[in-house]
Amino acid sequence: MSEARKLYNLVHVEPKGYIYILGSHRYGLEFRLKNKKKKKKKSVAVIQMNGSSTNWTDITKQGQWKADSTIGKVLCWCGKHEYDVVHCLNLWSYVDNNPSNLTGNSNDILNKLENDLWIEQVLEKVDIIILAYGDCKGVDETTFKERKMKLKEMLLSKKSKIFCVGGLNESGNPKHGRVWNNGPKLNKFNINNI
């Protein structure tokens, strides 16, 4: 059993359930990390790039849940930093594990309005927000810039709660969750860097 698998229960898939199909849309996954005895729970929203190879077939059968390596790393990092509730969100709701398949698609194709509504709802109830979308290789630069501006609008009222893990890439984007190895530190994120 993987280190991540020992840490969590997936408790919520929103808004309409989710079955992994390339080209479908996933809006959010909520995990409760196990073995936490504190009275005050700490929650985090992690905004990544897009849904990848994570598979889910039946919420009643934990054994059928397969977290992809990025979500596994994110959950391990959050567990080590004593977060109890982890919301995995995505810049784009479009599901595809190959970033090059996103090339040439507009934000209207890569993202559904339900994703933005879900992001806004989750951001209202978490203790901190971690940006972890990386450089979004495969997505056209104009599409990426437009989407980051929309995210910035959603985050403007939450400046004090925004962080990244392990700093920024050379491009100035927050590091992707797939590189959260060896205990990188939580750093305040300046919203002007979006």
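The values are calculated or read from the model by the stated rules, or taken from the named source; none is laboratory data. Computed from a predicted structure; not experimentally measured. Cβ coordinates were reconstructed from backbone atoms using ideal geometry, including for glycine residues, and neighbour counts include every protein chain displayed. Protein only, heavy atoms only, side chains kept; ligands, DNA and RNA dropped before computing areas. Shrake-Rupley method; radii C 1.70, N 1.55, O 1.52, S 1.80 Å.
Structure summary
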| read-out | value |
| --- | --- |
| Given (1) within 14 Å of residue 49 (Cα to Cα); (2) more than 15 Å from the chain's Cα centre (by Cα); (3) open to solvent by less than 80 Å² (accessible area, probe 1.4 Å); (4) modelled with pLDDT of 95 or more, number of the condition residue 145 does not satisfy | (3) |
| Number of the exception - residue 31 against (1) of a type in the set (Phe, Trp, Tyr); (2) more than 25 Å from residue 113 (Cβ to Cβ); (3) at pLDDT 65 or above | (2) |
| Filtered residues of segment 132-188 (kept if out of contact with any helix residue (DSSP H, G or I) (no Cβ under 6 Å at 6 or more places or on another chain) and among the polar types (S, T, N, Q)) | 142, 157, 160, 169, 171, 173, 181, 182, 187 |
| Residue in segment 102-117 that is nearest to residue 159 (Cα to Cα), counting only those that are among the hydrophobic types (A, V, I, L, M, F, W, C) and open to solvent by 20 Å² or more (accessible area, probe 1.4 Å) | 117 |
| Residue match in segment 11-27 (condition: modelled with pLDDT of 80 or more, within 15 Å of the chain's Cα centre (by Cα), under 19 Å from residue 113 (Cα atoms) and assigned to a strand (DSSP E or B)) | yes |
| Close pairs (8 angstrom Cβ cut-off, 6 or more residues apart or separate chains): closer than 18 Å to residue 27 by Cα in segment 93-112, exposed (fewer than 12 other Cβ atoms within 10 Å of the Cβ) anywhere | 94/23; 95/21; 95/23; 96/23 |
| Count of segment 113-146 residues which are within 11 Å of residue 90 (Cα to Cα) and charged (D, E, K, R) | 1 |
| Helices (runs of 4 or more DSSP H) wholly inside segment 68-136 that include at least 1 residues being in contact with a Cys (Cβ under 9 Å, 6 or more places away or on another chain) and farther than 12 Å from residue 50 by Cβ | 69-80 |
| Exclusive hit being within 22 Å of residue 74 (Cα to Cα), in a helix (DSSP H, G or I) and aliphatic (A, V, I, L, M), set 156, 151 | 151 |
| Scope segment 161-187; condition open to solvent by 90 Å² or more (accessible area, probe 1.4 Å) and either modelled with pLDDT of 95 or more or under 18 Å from residue 129 (Cβ atoms) (or both); matching residues | 185 |
